[in-house]
Amino acid sequence: MLELRLVQGSLLKKVLESIKDLVNDANFDCSSTGFSLQAMDSSHVALVSLLLRSEGFEHYRCDRNLSMGMNLGNMSKMLKCAGNDDIITIKADDGGDTVTFMFESPTQDKIADFEMKLMDIDSEHLGIPDAEYHSIVRMPSSEFQRICKDLSTIGDTVVISVTKEGVKFSTAGDIGTANIVLRQNTTVDKPEDAIVIEMNEPVSLSFALRYMNSFTKATPLSDTVTISLSSELPVVVEYKVAEMGYIRYYLAPKIEE
Amino acid sequence: MQRQRSILSFFQKP
């Protein structure tokens, strides 16, 4: 039996909005560690890894490891029926073919049950090796979203380069080119507004903007985003989910033929 | 010309 009670139900709503356009169907895995998901997009270019640690739930009961196949579009439809202030409880029986989402209003005067059919999904967990990244950039998530949106009106590929000068986002298209340079800036009133560039080695990589834009759907989850880059490795774009976990997006680079 | 690499060329199946 599984029963997970999340007081800040809006987090789960935001998590779904962050992944449903990238992945259609995925297995949610439940263990003593937490509620997690690893899934690739249909073209196998990007991978999303979600972890919501068990300590982040007000009540967390997971008697045995359980993998629940869900259509994320349908799950999103159901979670949209929860209010932003609602407490969300996820319930399932071992070996059952449904999952129940229970929504409680903060004043307990409205309680709703939505039962969703589970599906069998063949998926294999990929091993993600630990890596030392050449450069790590932390910046406001809204700024990253703005840059990806702006550049995608000009081109379809972004080159992200980190040097001692800063981090440069470049694109080129039929109408022209664009370059946006951010310099390290830690003299800000609020720490979440800082731009922190940790460069061990300079790096320059090309990525499809379509995917980057899709990752920025996670912007409402976190004020900051961390972008980890190494030559010859997928970029990692990470958003923290409150104090309880993260969404990490991995995107394979484009290479010169 | 640029070619999009697959995530599967970096991360391995178990």
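Coordinate-derived values only; no laboratory data. This one's a predicted model, so the numbers in the text were calculated from it and none came from an experiment. Positions of Cβ are generated from backbone atoms using ideal geometry, with glycine treated the same way; all protein chains shown enter the neighbour counts.
Take the alpha carbon gyration tensor of segment A:59-115, find the square roots of its eigenvalues, order them as a ≥ b ≥ c, and report rounded if a/c is under 1.5; if not, report prolate when a/b exceeds b/c, else oblate. Show your work: numbers first, answer last.
Working: a/c = 2.44, a/b = 1.46, b/c = 1.67.
Oblate is the answer for segment A:59-115, as a/c is 1.5 or above yet b/c matches or exceeds a/b.
Provide the convex hull volume over Cα atoms per residue for chain A, in Å³. Numbers along the way, then the final one.
Numbers: hull volume 37.2 nm³, N = 257.
Looking at chain A, the number lands at 145 Å³ per residue.
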How many angstrom lie between the Cα centre of segment A:193-239 and the Cα centre of segment A:20-69?
21 Å
Fluctuation leader among A:171, A:107, A:226 - chain A, Gaussian network, Cα springs under 10 angstrom
A:107
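Quote to one decimal, in nm, the extra length available between residue A:181 and residue A:108 on full extension: 0.36 nm per residue of separation minus the C-alpha distance between them. Walk me through the numbers before you get to the answer.
Values: separation 73, 0.36 × 73 = 26.28 nm, distance 4.95 nm.
This chain segment gains 21.3 nm when fully extended.
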Over chain A: helical MRE at 222 nm, DSSP H runs n ≥ 4 each giving -39500 (n - 2.57), nearest 500:
-4000 deg cm²/dmol
At q = 0.15, 0.25 Å⁻¹, base-10 log of I(q)/I(0) for segment A:148-199 (Debye sum, equal scatterers on each alpha carbon)
-0.49, -0.90
For segment A:174-182, in order, what is each residue's ³J(HN,Hα) by Karplus, 6.51 cos²θ - 1.76 cosθ + 1.60 with θ = phi - 60°, in whole Hz (x at glycine and Pro)?
4, 8, x, 10, 8, 9, 10, 10, 10
Based on a Kirkwood Rh over C-alpha pairs, give the Stokes-Einstein translational diffusion coefficient of segment A:92-210 at 25 °C and viscosity 0.890 mPa s in µm²/s.
132 µm²/s
Most exposed to least, judged by fewest other Cβ atoms within 10 Å, A:207, A:114, A:215, A:169 sort to A:114, A:169, A:207, A:215
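Based on Cα coordinates alone, diagonalise the gyration tensor for segment A:22-136, multiply each eigenvalue by 5, take square roots, and list the semi-axes in whole Å, largest first.
27, 17, 15
Would you list A:97, A:21, A:174 from fewest to most Cβ contacts within 10 Å? Please list the in-between numbers first.
Working: A:97 12, A:21 15, A:174 6.
Arranged by neighbour count, lowest to highest, A:97, A:21, A:174 become A:174, A:97, A:21.
Return the loop-located GluC sites (Glu not before Pro) in segment A:1-102 (DSSP other than H, G, I, E, B) with at most 13 other Cβ atoms within 10 Å of their own Cβ; answer none if there are none. The partial results should precede the final answer.
On the way: sites: A:3, A:17, A:55, A:58; in loops: A:58.
Counting only loop positions with at most 13 other Cβ atoms within 10 Å, the GluC sites (Glu not before Pro) in segment A:1-102 are A:58.
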Segment A:47-153 - charge dipole about Cα centre, Lys and Arg +1 at Cβ, Asp and Glu -1, debye rounded to 20
400 debye
Just grab the label-to-label distance for residue A:255 and residue A:67, each label 7 Å out from Cα along the Cβ direction, in nm (one decimal).
2.9 nm
For segment A:142-237, state the average projected area of the convex hull of the C-alpha atoms over all orientations, rounded to one decimal in nm².
6.3 nm²
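I need A:53, A:210 ordered by Cβ neighbour count within 10 Å, fewest first.
Fewest-to-most Cβ neighbours within 10 Å comes out as A:210, A:53.
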Compute for segment A:7-90: radius of gyration divided by Kirkwood radius, i.e. Rg/Rh, restricted to C-alpha atoms, rounded to two decimals.
0.95
